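**Student:** Sharing a structure, written as structure tokens. Questions coming.
Where a number appears in this text, it was derived from the coordinates with a stated rule and is not lab data. Everything numeric here is computed off the predicted structure, so don't read it as measured data. Note that we place each Cβ from the backbone using ideal geometry, even for glycine, and neighbour counts take in every protein chain shown.
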Amino acid sequence: LSDFFTPKTLQGKRILMTAGPTYEAIDPVRGITNLSSGKMGYALAQACRQAGALVTLVSGPTALPRPYGVRFLPVQSAQQMLDTVMAELDMAASTISIDCFIGVAAVADWRPLQVASQKIKKERGLAQDGTILTGADGTSHAGTGTAGAGDTSYAGMGSARTGGTSHTGTAPAGADRPSRTGTVPADTLTLALTQNPDILASVARRPDAPYCVGFAAESEDLLHHATEKRIRKGIPLLVGNLGPATFGQDDNTLLLVDEHGTRTLPAGSKTALARWLAQELGRRLPA
Ligand code: CTP
Ligand code: CA
């Protein structure tokens, strides 16, 4: 029924969206992910469709039902999300172009440098250089490329590398291992992470970039971070919200940031805010 009463502000517009978290595998049974229920993105997909748009939703794993009437492309990792989004844009380039890209996904900023092909056993774990060990003797490697000396792409949780001396065996049981920053307890697992591509910024950089909208959940100083982020990503509109209070909740408070400044929307349910945003998009997209 709400379909009937929704003004068709986005009639015939093609909208490509991302939503949900991404999941970055460590091994076949474990991974790294982000706190995101997907509620805001799914609500927005639904609201855009109700406003008349043709919506394609590229979604990471969520527990939500697929939004009705929306083309749904499920993915897991950030790389898969990027590939799927780019394939959609490439395909559109030779047919009917996409009018708008909305990145609502909570994309994992980091993924494990190596993915173990088998479940990592707790008594073996990782070697000192970050190499994931899976062999019975603790020496066979999973994934591609070991963490070589001079590789500067390390980030995150205190690498236990020892500056060039690459160890491939396990530390003796119970023994602490040396590291750059001191000793690492024998029961510590160090995981080397590498940065994921920025999907939204990649879309915005395309010569055929559609109107791009970003979402940013911040834990502090929303105004400052959201303003800076909009410019850094090269996008016309960024929607900010203060998490983690709103994560997984049905209600949200949003801040709109564009080239003219900022506007705070009154707090409301994610469904109500999504409807409001869909109408707002209808006003902003070129006719
Ligand atoms: N985004 C993306 N790809 C990434 C990271 C973020 O497409 N690898 C998109 C999100 O979908 C969102 C926007 O960028 O629309 C902002 O995400 P956010 O995580 O707030 O931005 P980051 O640039 O990752 O900055 P931060 O260091 O604050 O996480
Ligand atoms: Ca991020």
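**Student:** Going by average Cβ neighbours within 10 Å, how do the peptides 102-111, 13-22, 254-263 rank, with the highest at the top? Let's see the in-between values first.
**Tutor:** Details: 102-111: 23.2, 13-22: 25.6, 254-263: 15.1.
Put in order of decreasing packing, that is 13-22, 102-111, 254-263.
**Student:** For region 14-81, which chymotrypsin sites (Phe, Trp or Tyr not before Pro) pass both filters: DSSP loop (anything but H, G, I, E, B) and at most 11 other C-beta atoms within 10 Å?
**Tutor:** Details: sites: Tyr23, Tyr42, Tyr68, Phe72; in loops: Tyr68.
Here the chymotrypsin sites (Phe, Trp or Tyr not before Pro) that fit, given the DSSP loop and packing criteria, are Tyr68.
**Student:** Something else: Could you tell me the distance between the Cα centroids of region 95-121 and region 1-58, to the nearest Å?
**Tutor:** Answer, in whole Å: 15.
**Student:** Shape of region 1-108 from its Cα gyration tensor (a ≥ b ≥ c, root eigenvalues): rounded if a/c is under 1.5, otherwise prolate when a/b > b/c, or oblate?
**Tutor:** Values: a/c = 2.91, a/b = 1.51, b/c = 1.93.
Since a/c reaches 1.5 but b/c is at least a/b, the shape of region 1-108 is classed as oblate.
**Student:** How do the peptides 190-198, 217-225 rank, highest first, by the average count of neighbouring beta carbon atoms within 10 Å per residue?
**Tutor:** Details: 190-198: 17.9, 217-225: 14.4.
The densest-packed peptide leads the list: 190-198, 217-225.
**Student:** Additional query: Mind ranking 112-122, 267-277, 86-96 by how tightly packed they are, going by the mean number of other C-beta atoms within 10 angstrom, highest first? Please list the in-between numbers first.
**Tutor:** Details: 112-122: 16.7, 267-277: 19.1, 86-96: 13.0.
Those peptides, ordered most packed to least, come out 267-277, 112-122, 86-96.
**Student:** Please give me the summed charge of the neighbours of Leu238: other residues whose Cβ is under 15 Å from its Cβ, Lys and Arg +1, Asp and Glu -1.
**Tutor:** Spelling it out: positives minus negatives among the neighbours equals -1.
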